[in-house]
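Novice: Structure provided below as structure tokens; questions to follow.
The values are calculated or read from the model by the stated rules, or taken from the named source; none is laboratory data. The structure presented is a predicted model; accordingly, all values stated were derived computationally and were not measured. Every residue, glycine among them, receives a Cβ derived from its backbone with ideal geometry; neighbour counts consider all protein chains shown.
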Amino acid sequence: MSEIAAVAAPELPSSSRLLRRALRKPLGVISAVYLVLLTLACVLAPLIAPYAPLAEDLIHVQQGPTAAHLLGTDELGRDVLSRLLYGGQLTLLGVVECVAVLLIISLPAGLAAGYLGGWVDRAINVVVDLLLSVPGIIVVLAVLAVFGTSMTAAMVTFGVLGSAGVTRVVRSTVLSVREELYVAAARVSGVSEPRIVLRHVLPRIAGPVIVQASLFAAIALAIQTGLAFLSLGVAPPAPSWGGMVGEAANLINQDGWLLVPSGGIIALTILAFGLIGDTVRDATVEGWSATAAPAVRKARRPAAPAAAHPGPALADVPGPAGSWPADPGSDDAVLAVRDLSVAFDGPGGPVTVVDGVSFTLRAGEVLGIVGESGCGKSVTALSLLQLLPPNGQINGGRVLLGDQDLTAMTERQISGLRGKAVAMVFQDPTVSLDPSFLVGAQVAEVVRRHDKVSRAAARRRVLELFEQVRLPDPAAVARRYPHELSGGMAQRVCLALALAGRPSVLIADEPTTALDVTVQSGILELLRQLREETGMSIILVTHDWGVIADVCDRALVMYAGQVVEQAPVGALFREPRHPYTLGLQECNPQRWTADGDLPVIPGTVLPPAQWPVSCRFRDRCRFAASDCALAAIPLEHVPHRHGPGDREVRCIHWQELTPARSA
Amino acid sequence: MRSLIIRRLAVSLPLIVVVTVLTFVLESLVPGNTARAIIGASGSPAAYQRLRVELGLNNPLWYQYWQYLDQVLHGNLGTSVFTGEPVSTLLNQRLGVTLSLVLLATALCGVVGVLLGVVSAVRGGGVGRAVDVLSLVGLALPGFWVAIILAAVFAVTLRIFPATGYVPPSDSVGRWLWALTLPVIALALAGVASVAKQTRDSMKDTLAREYIRTLRASGIGRRSIIWKHALRNGAIPVVTVLGLVFVSALSSTVFVEAVFVLPGLGSMAVTATSQHDIPVIEGIALYFTVLVVIVNVLLDIVYAMLNPKVRRA
């Protein structure tokens with residue numbers, strides 16, 4: 001029993017906590033105070049009103065505010081302030097009747113529908129749907145046609161009609177509470193149903209119900225005053241706010257002042273109800289989410305817009321370690337990334353997620369970027385074309401395409417390059433295409449963006465592109481919507497989209513992750529073929545070492561925002577030089593022999609906010625030594641046994657690395 | 001698509017039935033029934049009984065309702081207690097006025113609201129705050145009061161627009177629009193804010209989707225992304241809100257037509273209420289309900305046109 005009791009109700013926004021949160025909002029408090037004071041004033045009208053509501057003073061007719069009449073007088077010399085106070089009685093009473101009926105009907109109905117379910121729920125839903133579709137005002141008028149001057153009848157009717165919407169809200173809240181674990185726990189431990197409802201369900205629905213009731217009170221007030229304005233439901237000469245607006249309307253040719261106090265008090269009171277509703281709603285929502293939504297800003301341009309003059313030529317740019325010998329392959333470098341850093345806005349300031357990444361992409365090569373989730377590989381890929389979300393920004397480094405620095409470009413400048421010089425495909429192809437357009441039309445739009453051709457020519461080019469990505473029956477595919485395509489076909493369409501501008505660089509961010517294994521190999525084969533046919537260079541971001549082995553020429557291994565190793569793929573697999581890479585190779589289930597447990601790398605990756613300046617893999621590394629914690633670890637060049645080349649590793653002990661078992 | 005319409009109509013039929021039942025039941029509650037109202041207090045009991053039989057009021061209630069329904073299906077909505085004219089004639093004369101008013105107001109809400117919503121979603125900041133304030137203002141200011149203020153300022157004081165009266169489009173389209181300007185603005189004010197808000201939320205949500213990123217990565221221009229792709233996808237909830245705006249505007253004609261003295265269904269409803277003219281109220285309830293049903297069907301069609309998954313299902 002105690003174990004079950006230990007499944008305590010979680011930190012709910014209980015009524016008292018909700019109240020406390022609501023009280024912290026000034027507008028809501030002011031509105032509540034205003035309403036309380038107003039109600040008191042109207043109830044006490046006989047005591048505090050300076051004049052009787054029907055007392056005429058034909059000498060001082062239609063005066064503006066004076067000392068004797070604070071809000072002026074109407075066309076019969078009656079004091080406006082007094083009439084407002086007396087009139088408020090009727091008006092506020094109407095609102096109270098309306099909201100009372102609303103709650104009396106909707107609370108039990110919503111509870112029953114949500115809690116009991118079954119046919120009760122279905123029956124109530126049918127009634128609710130019907131009531132919601134009835135044109136409310138006409139029914140109210142029909143009631144008034146029958147019951148003459150009874151505002152109560154009208155307000156009750158409106159309350160009944162409005163209860164449909166609130167019933168729905170109560171029902172959905174009850175449904176969500178019913179499924180919570182602690183309710184099931186309470187039930188199992190024998191708490192009776194009524195007690196469950198009282199202790200667990202009711203507090204949860206308090207918030208939404210108050211919101212709905214306040215908003216409804218605002219509407220009810222508008223309706224009540226509107227009906228009074230039309231002289232329905234009130235018997236003159238009894239004062240009412242709506243009636244006073246009507247009287248004032250008759251006098252607009254002469255004097256508009258009377259519209260102000262009458263309309264003003266209605267507007268203020270409606271506003272007060274509305275603000276209370278908004279306040280309670282905000283307070284309820286805040287109770288559910290622990291952290292406020294992160295600040296979203298427009299994507300920022302890098303600080304130095306140096307696009308006017310070209311940057312240094314690629315061959316002159318020093319390597320990350322400063323003493324990197326110029327390697328013979330750099331003459332045909334297509335893209336050079338130097339010291340790229342990306343940060344995201346966090347609750348405590350910007351958090352770096354990509355830290356000084358550098359690499360060079362040569363013509364016609366496939367470069368893999370591999371790492372586990374959260375290492376920064378996708379962010380790196382997105383930042384190359386300035387496609388980061390609004391809360392991220394590049395805060396260091398350069399991305400050189402030829403002699404242009406992509407990080408320093410304006411949105412307009414880089415938009416001209418996107419799709420044309422550098423194209424990109426993403427992870428989930430089915431959501432990467434606009435669901436409202438035929439795929440053929442989407443690709444045609446991109447074609448016409450890059451080549452100024454006629455629609456017919458664009459259509460032909462679309463079919464060409466679809467053939468290039470080996471889609472069966474290109475014409476039929478072009479006439480489909482994205483949701484009608486399989487994952488593999490959708491990814492081929494995305495590739496066709498990317499190829500439309502004849503790019504020299506293709507960035508593929510986890511292009512096969514969302515696809516079935518059997519489809520994956522088809523896409524990878526396609527990438528190989530495209531590289532052969534077009535000579536374009538490919539950056540392939542993935543977490544799957546099989547993909548690296550299958551397609552890539554070279555690969556970067558990323559860990560905690562940094563490049564920890566870079567090598568030709570063969571060397572990377574045969575002789576890893578970084579403990580992380582080594583560990584990953586050892587963990588590969590395909591290398592595992594059946595004696596002993598499957599090796600794992602102990603520990604977990606640190607979140608970005610906790611990355612140390614020194615080695616970030618230290619806590620999980622079996623070669624770690626005291627000097628690993630002293631300072632930032634630089635990338636070192638590793639001599640490559642099988643030829644000249646660019647192997648790098650970020651480890652000061654790489655020479656001591658020995659695999660746990662021979663490969 | 002056709003099955004969609006049929007399904008929607010099937011669901012709506014009970015609604016029309018319910019509304020007619022409601023109003024019919026209400027009529028039977030009139031203290032002193034119709035016969036008494038016609039005969040007056042001075043009529044002899046025999047004459048009263050004869051009239052009752054003539055009007056079929058001696059039959060059980062459900063039979064009376066059945067007869068009423070039968071009449072309605074044949075286009076006979078009864079006669080006005082007050083003027084003696086057939087209800088259908090009375091209402092058909094006024095239908096055009098109310099429809100012009102409500103359709104123009106809904107269209108205005110749509111155009112202005114969507115513009116405001118898109119701008120505030122894309123640009124944020126000032127426009128967004130303006131939309132929030134407008135929302136609050138639209139909610140707080142009672143519709144009839146706004147109508148009066150508009151009339152007071154633009155009609156009475158500045159004399160730009162007429163304060164009252166309606167000009168049919170067959171007479172002059174220009175003057176038709178001119179006479180309807182102030183009433184349309186009064187009706188549209190509350191709706192613009194809710195359309196703008198919904199558009200803004202919907203656009204913000206759509207602009208965060210992956211396919212927008214693909215379009216950006218393909219080099220498609222900003223204008224095309226916002227107005228062609230994002231708006232097309234974000235329009236669906238906006239269409240729903242526009243439907244609600246239409247229904248709300250229909251209800252508000254009751255007040256606005258009274259202020260601007262327009263000979264529409266709304267002002268007729270008010271007159272009929274104060275005259276206890278039940279057949280007319282029943283007729284208007286029926287007309288309003290049918291209009292709401294038609295709008296819902298049209299909305300479903302638009303929704304299907306916008307959403308290929310529904311269309312191709």
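Novice: Any chance you could count how many residues in segment B:169-190 are more than 14 Å from chain A (Cβ to nearest Cβ) and either touching a Gly at 6+ places or on another chain (Cβ under 7 Å) or aromatic (F, W, Y) (or both)?
Specialist: The initial filter retains those residues of segment B:169-190 that are more than 14 Å from chain A (Cβ to nearest Cβ), namely B:169-181, B:183-185, B:188.
From what's left, either touching a Gly at 6+ places or on another chain (Cβ under 7 Å) or aromatic (F, W, Y) (or both): B:176, B:178-179.
Residues that pass the stated criteria total 3.
Novice: Further, regarding this structure: Is it the case that some residue within segment A:174-197 is within 34 Å of the chain's Cα centre (by Cα) and of a type in the set (S, T, Y)?
Specialist: Looking for residues that are within 34 Å of the chain's Cα centre (by Cα) and of a type in the set (S, T, Y), one finds at least one in segment A:174-197, hence yes.
Novice: Here is a follow-up. Criterion first (surrounded by 13 or more Cβ atoms within 10 Å (Cβ to Cβ), hydrophobic (A, V, I, L, M, F, W, C) and over 15 Å from A:G256 (Cα atoms)) does B:L150 satisfy it? Outline the logic, then answer.
Specialist: Details: surrounded by 13 or more Cβ atoms within 10 Å (Cβ to Cβ): yes; hydrophobic (A, V, I, L, M, F, W, C): yes; over 15 Å from A:G256 (Cα atoms): no.
No.
Novice: Just to be sure, is A:T149 within 30 Å of B:V81 (Cβ to Cβ), surrounded by 20 or more Cβ atoms within 10 Å (Cβ to Cβ), within 14 Å of chain B (Cβ to nearest Cβ) and of a type in the set (S, T, Y)?
Specialist: Values: within 30 Å of B:V81 (Cβ to Cβ): yes; surrounded by 20 or more Cβ atoms within 10 Å (Cβ to Cβ): no; within 14 Å of chain B (Cβ to nearest Cβ): yes; of a type in the set (S, T, Y): yes.
The answer is no for A:T149.
Novice: Same structure, new question: Quick test of your reading of the structure: A:I539 fulfils all but one of (1) of a type outside the set (F, W, Y); (2) surrounded by fewer than 23 Cβ atoms within 10 Å (Cβ to Cβ); (3) within 34 Å of the chain's Cα centre (by Cα). Name the failing condition by number.
Specialist: In the conditions (1) of a type outside the set (F, W, Y); (2) surrounded by fewer than 23 Cβ atoms within 10 Å (Cβ to Cβ); (3) within 34 Å of the chain's Cα centre (by Cα), A:I539 misses (2) alone.
Novice: I've got another one for you. Can you tell me which of A:S214, A:S262, A:S240 is under 30 Å from B:L134 (Cβ atoms), at the interface with chain B (Cβ under 9 Å from one of its Cβ atoms), touching a residue at least 60 places away in the same chain (Cβ under 8 Å) and surrounded by 23 or more Cβ atoms within 10 Å (Cβ to Cβ)? Before the answer, list the steps.
Specialist: Details: A:S214 fails: at the interface with chain B (Cβ under 9 Å from one of its Cβ atoms); A:S240 fails: at the interface with chain B (Cβ under 9 Å from one of its Cβ atoms).
Just one listed residue meets the conditions, A:S262.
Novice: Could I ask something else about it? Name the residues in segment B:28-64 that are at pLDDT 65 or above, assigned to a helix (DSSP H, G or I) and aliphatic (A, V, I, L, M), would you?
Specialist: Once the filter is applied, which keeps residues that are at pLDDT 65 or above, assigned to a helix (DSSP H, G or I) and aliphatic (A, V, I, L, M), segment B:28-64 yields B:A46, B:A47, B:L51, B:V53, B:L61.
Novice: Right, next: Which members of segment A:466-492 meet the condition of being within 13 Å of A:L433 (Cβ to Cβ) and either surrounded by 21 or more Cβ atoms within 10 Å (Cβ to Cβ) or of a type in the set (A, V, I, L, M) (or both)?
Specialist: The initial filter retains those residues of segment A:466-492 that are within 13 Å of A:L433 (Cβ to Cβ), namely A:477-478, A:480-487, A:489-492.
Scanning segment A:466-492 gives A:V477, A:A478, A:P482, A:L485, A:M489, A:A490, A:Q491, A:R492.
Novice: Moving on to the next point. Based on this model, can you work out whether A:T513 counts as in contact with a Ser or Thr (Cβ under 8 Å, 6 or more places away or on another chain), surrounded by fewer than 18 Cβ atoms within 10 Å (Cβ to Cβ) and in contact (Cβ under 8 Å) with a residue 12 or more places away in the chain?
Specialist: Answer is yes for this residue.
Novice: Considering only segment A:492-530, state which residues are hydroxyl-bearing (S, T, Y) and under 23 Å from A:L401 (Cα atoms). I'd like the intermediate steps shown before the answer.
Specialist: Kept after step one, since they are hydroxyl-bearing (S, T, Y), are these residues of segment A:492-530: A:504, A:512-513, A:518, A:521.
Correct list: A:S504 only.
Novice: Follow-up. So if I check each of A:S373, A:S415, A:S436, A:S432, which one is modelled with pLDDT under 90 and polar (S, T, N, Q)?
Specialist: Values: A:S415 fails: modelled with pLDDT under 90; A:S436 fails: modelled with pLDDT under 90; A:S432 fails: modelled with pLDDT under 90.
Among A:S373, A:S415, A:S436, A:S432, only A:S373 is modelled with pLDDT under 90 and polar (S, T, N, Q).
Novice: Checking the condition modelled with pLDDT of 80 or more and surrounded by 14 or more Cβ atoms within 10 Å (Cβ to Cβ), which residue from A:S15, A:S82 passes?
Specialist: Selected residue: A:S82, the only one of A:S15, A:S82 that is modelled with pLDDT of 80 or more and surrounded by 14 or more Cβ atoms within 10 Å (Cβ to Cβ).
Novice: Just to check your reading of the model, which residue among B:V17, B:V25 is at pLDDT 75 or above, surrounded by fewer than 16 Cβ atoms within 10 Å (Cβ to Cβ) and within 14 Å of chain A (Cβ to nearest Cβ)? Let's see the steps before the verdict.
Specialist: On the way: B:V25 fails: at pLDDT 75 or above.
The match here is B:V17.
Novice: So, in segment A:101-146, exactly how many residues are within 14 Å of another protein chain (Cβ to nearest Cβ) and either modelled with pLDDT of 90 or more or closer than 29 Å to B:H276 by Cβ (or both)?
Specialist: 18
Novice: From the residues in segment A:582-612 that are over 32 Å from the mean Cα position of the chain (by Cα) and among the aliphatic types (A, V, I, L, M), which one is surrounded by the most Cβ atoms within 10 Å (Cβ to Cβ)? Step through it out loud before you land on a result.
Specialist: So the first thing to find is which residues in segment A:582-612 are over 32 Å from the mean Cα position of the chain (by Cα), and the list is A:582-602.
With the extra rule that they be among the aliphatic types (A, V, I, L, M), the set shrinks to A:582, A:584, A:594, A:598, A:600-601.
Values: A:L582: 24, A:L584: 18, A:A594: 5, A:L598: 10, A:V600: 10, A:I601: 18.
Only one residue fits best here, namely A:L582.
Novice: Taking A:L463 as the residue in question, decide whether it is surrounded by fewer than 21 Cβ atoms within 10 Å (Cβ to Cβ) and either of a type outside the set (S, T, Y) or in contact with a strand residue (DSSP E or B) (Cβ under 8 Å, 6 or more places away or on another chain) (or both).
Specialist: On the way: surrounded by fewer than 21 Cβ atoms within 10 Å (Cβ to Cβ): yes; either of a type outside the set (S, T, Y) or in contact with a strand residue (DSSP E or B) (Cβ under 8 Å, 6 or more places away or on another chain) (or both): yes.
Answer is yes for this residue.
Novice: Inspect segment A:221-235 for any residue being in a loop (DSSP other than H, G, I, E, B), out of contact with any Lys or Arg (no Cβ under 6 Å at 6 or more places or on another chain) and more than 20 Å from A:V139 (Cβ to Cβ) and give the result as yes or no.
Specialist: First, pick out the residues of segment A:221-235 that are in a loop (DSSP other than H, G, I, E, B): A:230-235.
Retained after the next criterion (residues that are out of contact with any Lys or Arg (no Cβ under 6 Å at 6 or more places or on another chain)): A:230-235.
From the residues that got through so far, the ones that are more than 20 Å from A:V139 (Cβ to Cβ) too are A:235.
Checked segment A:221-235: at least one residue is in a loop (DSSP other than H, G, I, E, B), out of contact with any Lys or Arg (no Cβ under 6 Å at 6 or more places or on another chain) and more than 20 Å from A:V139 (Cβ to Cβ).
Novice: So which residues in segment B:212-246 are facing chain A (nearest Cβ under 7 Å) and more than 18 Å from A:E411 (Cα to Cα), if there are any at all?
Specialist: B:H229, B:R232, B:N233, listed by residue number.
Novice: Same structure, new question: Out of curiosity, is B:V167 on the phi < 0 side of the Ramachandran plot and assigned to a loop (DSSP other than H, G, I, E, B)? So that I can check it myself, show each step before the final result.
Specialist: Working: on the phi < 0 side of the Ramachandran plot: yes; assigned to a loop (DSSP other than H, G, I, E, B): yes.
Taking the combined requirement at face value, the residue satisfies it.
Novice: Within segment B:250-260, does at least one residue satisfy the condition of being without any contact (Cβ under 8 Å) to a residue 40 or more places away in the chain and on the phi > 0 side of the Ramachandran plot? Break it down stepwise before answering.
Specialist: Residues of segment B:250-260 without any contact (Cβ under 8 Å) to a residue 40 or more places away in the chain: B:251, B:254.
Add one more test, that the residue is on the phi > 0 side of the Ramachandran plot, and what stays is none.
No: zero hits.
Novice: Among the residues of segment A:415-424, what is the count of those that are out of contact with any Lys or Arg (no Cβ under 8 Å at 6 or more places or on another chain) and surrounded by fewer than 24 Cβ atoms within 10 Å (Cβ to Cβ)?
Specialist: Count: 3.
Novice: When the residues of segment B:259-306 are filtered to those that are surrounded by fewer than 19 Cβ atoms within 10 Å (Cβ to Cβ) and not in a helix (DSSP H, G or I), which remaining residue is nearest to the other protein chains (Cβ to nearest Cβ)?
Specialist: Among them, the one singled out is B:Q275.
Novice: Can you tell me which condition B:R311 does not meet? The list is (1) within 10 Å of another protein chain (Cβ to nearest Cβ); (2) in contact (Cβ under 8 Å) with a residue 60 or more places away in the chain; (3) over 29 Å from B:A186 (Cα atoms); (4) buried (at least 19 other Cβ atoms within 10 Å of the Cβ), and all the others hold.
Specialist: (4)
Novice: Another question, then. Can you tell me which residue among B:L116, B:L139 is more than 27 Å from B:G96 (Cβ to Cβ), at pLDDT below 80 and crowded, with 19+ Cβ neighbours inside 10 Å?
Specialist: Details: B:L116 fails: at pLDDT below 80.
Result: B:L139 is the single residue among B:L116, B:L139 that is more than 27 Å from B:G96 (Cβ to Cβ), at pLDDT below 80 and crowded, with 19+ Cβ neighbours inside 10 Å.
Novice: With the condition kept exactly as written, say whether any residue in segment A:196-209 is among the small types (G, A, S) and closer than 28 Å to A:L92 by Cβ. Walk me through how you get there before you give the answer.
Specialist: Residues of segment A:196-209 among the small types (G, A, S): A:206-207.
Applying the additional criterion that residues be closer than 28 Å to A:L92 by Cβ yields A:206-207.
There is at least one residue in segment A:196-209 that is among the small types (G, A, S) and closer than 28 Å to A:L92 by Cβ.
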